[in-house]
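Below is one structure; the comments refer to it alone.
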Amino acid sequence: MERLDGGPRSAVVVGAGVVGLAAAWFLQERGVEVTVVDRTGFAAGASWGNAGWIAPGLAIPLNEPAVLRYGLRSLFDPAAPLHIPLTADPGLWSFLTRFAAHCRWSSWSRVAKANLPLNEESIEAYDVLTANGVEAPTVDAPFTAAFTSARQARTLLRELERLAAAGQPVEHVELSTADLRDQVPLASSALAAGVRIDGQRFVAPGEFVQALGRAVVARGATIRTSVVVGVRADNAGVVVRAKDDVISADAAVVATGAWLPGLAARAGVRTPVRAGRGYSFTVPVRKPVHGPIYLPEARVACTPYQGGLRVAGTMEFRDPDAPLDEARVDAIIASVRPLLDGVRWEDRTDVWVGSRPVTPDGRALIGATRIPGVYVAGGHGMWGLAQGPVTGRLLAEQITTGKQPAALREFDPLR
Ligand SMILES: Cc1cc2nc3c(=O)[nH]c(=O)nc-3n(C[C@H](O)[C@H](O)[C@H](O)COP(=O)(O)OP(=O)(O)OC[C@H]3O[C@@H](n4cnc5c(N)ncnc54)[C@H](O)[C@@H]3O)c2cc1C
């Protein structure tokens, strides 16, 4: 049914991760009646065990030229944080070839500039949610990047300079070895230099996204659990076909994270999405942790979580439904153990694998598809938690007004 002003009155959101639920919440804000369908439930995908960083200041595009050299070396090192299985999956190799073609500074700058409007408003979009019924805290604390040498620290400092040159200055301070130890009491003697990054937040991501789901329900959404197999237009709007359900509405949003390709491709979206799988687990610690710790040399992010530390890392290009590989967890521990003292690695819990939805050009897919009334939202890669709420806000604006916000131009799914 169309509203008198022409905007949709009802929408089905497929996927109850941070992106889908944020779209649902902001659609409700604009008076749209929402049904959310997920094959499992709230925060069942990448939105659960990620590092929880709402850190737009560190949202550095992945496609640096150095990634190419690093990726090639990783191919022959099973313990490397980047893992590309030497399989015969032609889709993966074609994706990686496209990704490699974007590992240039010109593409990097394009991604950094495209992300500016998302990064500028990502924390504010969280504040809108928590001020209006999403009952979960966001924590404001300094982030500390720690390095084995001042030379290593310069790599991050140069990246922050590039980000500033692209229009996103990041508040940060270089730390001496002594300052680093004050800031990160867990730092081992192997760590010698640090950079403190201010103005960022963190959350317990699964808990936050579940609270967002509860808020969407409290505002009147219908929740269904089913696997969606198709989305199409019909005379009155759209029809979402699930394995044991058919739902009609005026509009649909496909926000299925790393599982986006199937439904999105049929809607004319040609940019592929691949699962960049990451692992996390929680460990007890013997010293206090004041804020997130970033260990760029190990490519690991650590976040205070439930009195301990959630440790997250690895980028493994594999099927999003493949089982967890314990060897990847062992590789993370082997790389971080020398850098942190007072961590009870043996007592880890919540061992988890989840899939970052990665696009070859580093830009998310947010907006209309070839099927009238069908939209996609996903492909945020490393930064979908931080950018999820602002994505939901901008997409809800596009769906209800029929106009693509300028901030979404670079994310057009039909590019
Ligand atoms: C180890 C790790 C650490 C990370 N750390 C951070 C971080 O600190 N900060 C940050 O900003 N980002 C981080 N990320 C990235 C972030 O987690 C993702 O970008 C984000 O969660 C993607 O959200 P989403 O809603 O698009 O997808 P998901 O959360 O994966 O949600 C997709 C949903 O779709 C459902 N679904 C799939 N197919 C179907 C279907 N056919 N029918 C119905 N439902 C379906 C799934 O069940 C799932 O619930 C990290 C990721 C990993 C893996």
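The values are calculated or read from the model by the stated rules, or taken from the named source; none is laboratory data. This structure is a prediction, so every number in the text was calculated from the model and none was measured. Glycine gets a Cβ as well: all are built from the backbone with ideal geometry, and neighbour counts include every protein chain shown.
Quick notes
- Count - residues of the range 197-233 that are farther than 30 Å from residue 301 by Cβ, of a type outside the set (Gly, Ala, Ser), surrounded by fewer than 19 Cβ atoms within 10 Å (Cβ to Cβ) and in contact with a Gly (Cβ under 9 Å, 6 or more places away or on another chain): 4
- In the range 299-318, of all residues being assigned to a loop (DSSP other than H, G, I, E, B) and away from the ligand (no atom under 13 Å from the Cβ), the one that is farthest from the chain's Cα centre (by Cα) corresponds to 307.
- Any pair with Cβ under 7 angstrom, 6 or more apart, that starts in the range 298-312 at a residue that is at positive phi and ends at one that is of a type outside the set (Lys, Arg) and not in a strand (DSSP E or B): 299/81
- Residue 93 vs. criteria more than 21 Å from the chain's Cα centre (by Cα), more than 13 Å from the ligand (Cβ to nearest atom), modelled with pLDDT of 85 or more and not basic (Lys, Arg): yes
- From the list 389, 323, the lone residue that is at pLDDT 95 or above, assigned to a loop (DSSP other than H, G, I, E, B) and closer than 25 Å to residue 204 by Cα is 323.
Condition check ((1) of a type outside the set (Val, Ile, Thr); (2) buried (at least 22 other Cβ atoms within 10 Å of the Cβ); (3) assigned to a loop (DSSP other than H, G, I, E, B)) across all residues:
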{"residue": "50", "(1), (2), (3)": "yes, yes, yes"}
{"residue": "73", "(1), (2), (3)": "yes, no, no"}
{"residue": "85", "(1), (2), (3)": "yes, no, yes"}
{"residue": "94", "(1), (2), (3)": "yes, no, no"}
{"residue": "103", "(1), (2), (3)": "yes, no, yes"}
{"residue": "109", "(1), (2), (3)": "yes, no, no"}
{"residue": "120", "(1), (2), (3)": "yes, no, no"}
{"residue": "129", "(1), (2), (3)": "yes, yes, no"}
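- Residue count, the range 245-303 (criterion: of a type in the set (Ser, Thr, Tyr) and closer than 22 Å to residue 27 by Cβ): 2
- In the range 350-379, the residues that are farther than 22 Å from residue 320 by Cα and in a strand (DSSP E or B) form Cβ pairs under 6 Å with partners that are small (Gly, Ala, Ser) and within 14 Å of the ligand (Cβ to nearest atom), at six or more places apart or across chains, as follows: 374/252; 374/267.
- Filtered by the rule that a residue be over 18 Å from residue 41 (Cβ atoms), assigned to a strand (DSSP E or B) and either among the acidic types (Asp, Glu) or in contact with a Ser or Thr (Cβ under 7 Å, 6 or more places away or on another chain) (or both), the range 203-237 gives 234, 237.
- With respect to (1) more than 8 Å from the ligand (Cβ to nearest atom); (2) among the aliphatic types (A, V, I, L, M); (3) surrounded by fewer than 24 Cβ atoms within 10 Å (Cβ to Cβ), the lone exception for residue 37 is condition (1).
- The set of residues in the range 133-157 being touching a residue at least 60 places away in the same chain (Cβ under 8 Å) and assigned to a loop (DSSP other than H, G, I, E, B) consists of 133, 134, 135, 136, 137, 138, 141, 142, 148.
- Candidates 234, 245 - the one that is more than 30 Å from residue 293 (Cβ to Cβ), within 11 Å of the ligand (Cβ to nearest atom) and over 23 Å from the mean Cα position of the chain (by Cα): 245
- Cβ-Cβ under 7 Å pairs, at least 6 apart or on other chains, the range 16-34 side within 13 Å of residue 394 (Cβ to Cβ) and more than 16 Å from the ligand (Cβ to nearest atom), far side at pLDDT below 95 and of a type in the set (Ser, Thr, Tyr): none
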